[in-house]
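Let me begin by presenting the structure, written as structure tokens, before commenting on it.
No value in this document is a laboratory result; all are computed from the given coordinates. Just so we're clear, the structure is a prediction, and the values are computed from it rather than from any experiment. With ideal geometry, Cβ positions are generated from the backbone for all residues, glycine too; neighbour counts draw on all protein chains shown.
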Amino acid sequence: MDFQHRPGGKTGSGGVASSSESNRDRRERLRQLALETIDINKDPYFMKNHLGSYECKLCLTLHNNEGSYLAHTQGKKHQTNLARRAAKEAKEAPAQPAPEKVKVEVKKFVKIGRPGYKVTKQRDTEMGQQSLLFQIDYPEIAEGIMPRHRFMSAYEQRIEPPDRRWQYLLMAAEPYETIAFKVPSREIDKAEGKFWTHWNRETKQLFPCLSSSSCSSTSRWRSHQPRQASRLGLLG
């Protein structure tokens, strides 16, 4: 646009543009911007009527040419109506169902009681170290099941008054009840050959062995009779 020779303009500077010229220039900039961002053939709100003019079905406005319509799409009114339409459609859209969680089938076994057991107290005469050897019999253990064990502090159970001098050694194998041996709460010697478990698949017997890290020959290591773990509140 020629701003040089308008009335009121100074030599060497642009003239004063009228409001109509400014509006025309603004519409042209908006049209060029729309051409870069909008494919008019895919615009769902663009329509050519029987009179040869163009309509915006969203804003219900009439336009003499495509350029005028494209400039309109970049204006405040059209952009506001687009935002309102998007919000309305989002509100009216049906809620998407939550994805189904993969169901993991939990094997259920009918409990058949507590397993047989035997506890042997041992002493290493050279080291003066005590140990306990457990023998747990699982003749009817379920196919594909491996016996499990873990230690638990006295503060995890909910039946006996907590006593930090004691801990529990839990043994579990389906379909037997989980049992818990009450043993002194000493540090277990985890050195090689001192703490181990062995599962004999042929005889179906579990042999856990644990040794005290204390070497005092006067200390006593003993085990109480096993309790059903559920009676101690360990299984909920």
* Cross-link pairs beyond the 30 Å C-alpha cut-off, checked among Lys118/Lys190; Lys57/Lys91; Lys111/Lys194 -> Lys111/Lys194
* Asked: Direction-averaged shadow area of the convex hull around the Cα atoms of region 19-92, nm²?
  -> 5.6 nm²
* How big is the equivalent ellipsoid of region 116-211 along its three axes, where each semi-axis is √(5λ) from the Cα gyration tensor, reported in whole Å from largest to smallest? -> 23, 20, 10
* To do: Starting from 0 in steps of 10 Å, tell me what percent of the Cα-Cα pairs of region 52-134 lands in each bin.
  => 12, 17, 11, 9, 8, 7, 7, 9, 10, 8, 2
* With labels modelled as points extended 7 Å from the Cα through the Cβ direction, what inter-label distance (nm, one decimal) is found for Glu21 paired with Leu62? -> 3.0 nm
* Structure fact -> When Leu170, Leu33, Leu70 are ranked with the fewest other C-beta atoms within 10 Å first, the list becomes Leu33, Leu170, Leu70
* Projected area, mean over directions - region 55-206, Cα convex hull, nm² -> 21.3 nm²
* By counting other Cβ atoms within 10 Å of each Cβ, how are Asp25, Asp137 ranked from fewest to most? -> Asp25, Asp137
* Where trypsin sites (Lys or Arg not before Pro) fall in DSSP loop in region 135-166, at most 14 other Cβ within 10 Å -> Arg158, Arg164, Arg165
* Could you line up Phe151, Phe207 from fewest to most neighbouring Cβ atoms inside 10 Å? => Phe151, Phe207
